[in-house]
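Asks: Handing you a structure now.
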Amino acid sequence: MRVGILALQGAFIEHEKIIQNLGAEVVEIRQLKDLDGIDGLILPGGESTVQGKLLRQLNLLKPIQQLINEGLPVLATCAGLILLAKTIDGEESAHLGTLPIVIKRNAYGRQLASFTSDIDIKPVGSYPAVFIRAPYIESVNDDVDILGVVNDHIVAVQYHNQLGFSFHPELTNDPRIHEYFLSLIKNNHHN
């Protein structure tokens, strides 16, 4: 099983370690040919604006969009979730735009820049979620499954093959979200 991790900018190393510990192969995605033969994709945290710009410059945006629309399982965290969102609050254009949600960037403001909260995540149960300058999801389409909420804000969703989290599961010692992602990839292979 080969998992591609977008490695243009941001916190991708932590994701790599977890995926490798769970026994899957990791491919760092930096150019078009890196997408060949991947079974799943992780869009890590970082700066969504920078990542979006680099995706366009490297001609990765459309191919990734196409793979996701064709059913490639994707796990997006923090900035990665902003890349997936169809609508970014206060901005005219989206990046990949494959996930039918409205997202608000840096939603918690400076005073709540970083916090940890035990939240109930549908597929895994209670989870120690680490938020760092996190976005939150303002609204979702009817067919998007809400997996987790904190302070009345949606912070975790699933839409078919797309998993999106406002927080950083790669910064905990808890691999269950990544395990769930790998189970999506396995199920995808059986289709």
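The values are calculated or read from the model by the stated rules, or taken from the named source; none is laboratory data. None of the values given here were measured: they were computed from a predicted structure. No Cβ is skipped: glycine too gets one built from the backbone with ideal geometry, and neighbour counts run over all protein chains shown.
Asks: Go through (1) surrounded by fewer than 17 Cβ atoms within 10 Å (Cβ to Cβ); (2) at pLDDT below 95; (3) more than 20 Å from residue 21 (Cα to Cα) and name the single condition residue 139 misses.
Replies: Among (1) surrounded by fewer than 17 Cβ atoms within 10 Å (Cβ to Cβ); (2) at pLDDT below 95; (3) more than 20 Å from residue 21 (Cα to Cα), the lone unmet condition for residue 139 is (2).
Asks: Among the residues of segment 133-153, what is the count of those that are in a strand (DSSP E or B) and more than 13 Å from residue 85 (Cα to Cα)?
Replies: Of segment 133-153, the ones in a strand (DSSP E or B) are 136-140, 145-150, 153.
Add one more test, that the residue is more than 13 Å from residue 85 (Cα to Cα), and what stays is 145-150, 153.
Total satisfying the criteria: 7.
Asks: Another question, if that's okay. Here's a check for you: in segment 125-182, which residue that is free of Cβ contacts under 8 Å to residues at least 60 places away in the same chain and among the aromatic types (Phe, Trp, Tyr) is nearest to residue 72 (Cα to Cα)?
Replies: 180
Asks: Considering only segment 11-42, how many residues are touching a residue at least 40 places away in the same chain (Cβ under 8 Å) and crowded, with 21+ Cβ neighbours inside 10 Å?
Replies: The number of residues fulfilling the criteria is 5.
Asks: Looking at segment 122-131, is at least one residue out of contact with any helix residue (DSSP H, G or I) (no Cβ under 6 Å at 6 or more places or on another chain), assigned to a strand (DSSP E or B) and among the hydrophobic types (A, V, I, L, M, F, W, C)?
Replies: Taking segment 122-131 and keeping what is out of contact with any helix residue (DSSP H, G or I) (no Cβ under 6 Å at 6 or more places or on another chain), we get 122, 125-129, 131.
Filter once more, keeping what is assigned to a strand (DSSP E or B): 125-129, 131.
From what's left, among the hydrophobic types (A, V, I, L, M, F, W, C): 129, 131.
The answer is yes, given that some residue of segment 122-131 is out of contact with any helix residue (DSSP H, G or I) (no Cβ under 6 Å at 6 or more places or on another chain), assigned to a strand (DSSP E or B) and among the hydrophobic types (A, V, I, L, M, F, W, C).
Asks: Return a yes/no flag: does segment 170-189 have any residue that is hydrophobic (A, V, I, L, M, F, W, C), within 30 Å of residue 1 (Cα to Cα), in a strand (DSSP E or B) and at pLDDT 95 or above.
Replies: Pass one, segment 170-189, residues hydrophobic (A, V, I, L, M, F, W, C): 171, 177, 181-182, 184-185.
Filter once more, keeping what is within 30 Å of residue 1 (Cα to Cα): 171, 177, 181-182, 184-185.
Among the residues that remain, those that are also in a strand (DSSP E or B) are: none.
Within segment 170-189, none of the residues are hydrophobic (A, V, I, L, M, F, W, C), within 30 Å of residue 1 (Cα to Cα), in a strand (DSSP E or B) and at pLDDT 95 or above.
Asks: Given (1) buried (at least 17 other Cβ atoms within 10 Å of the Cβ); (2) closer than 27 Å to residue 187 by Cα; (3) modelled with pLDDT of 95 or more, where does residue 45 come up short, assuming only one miss?
Replies: Condition not satisfied by residue 45: (3).
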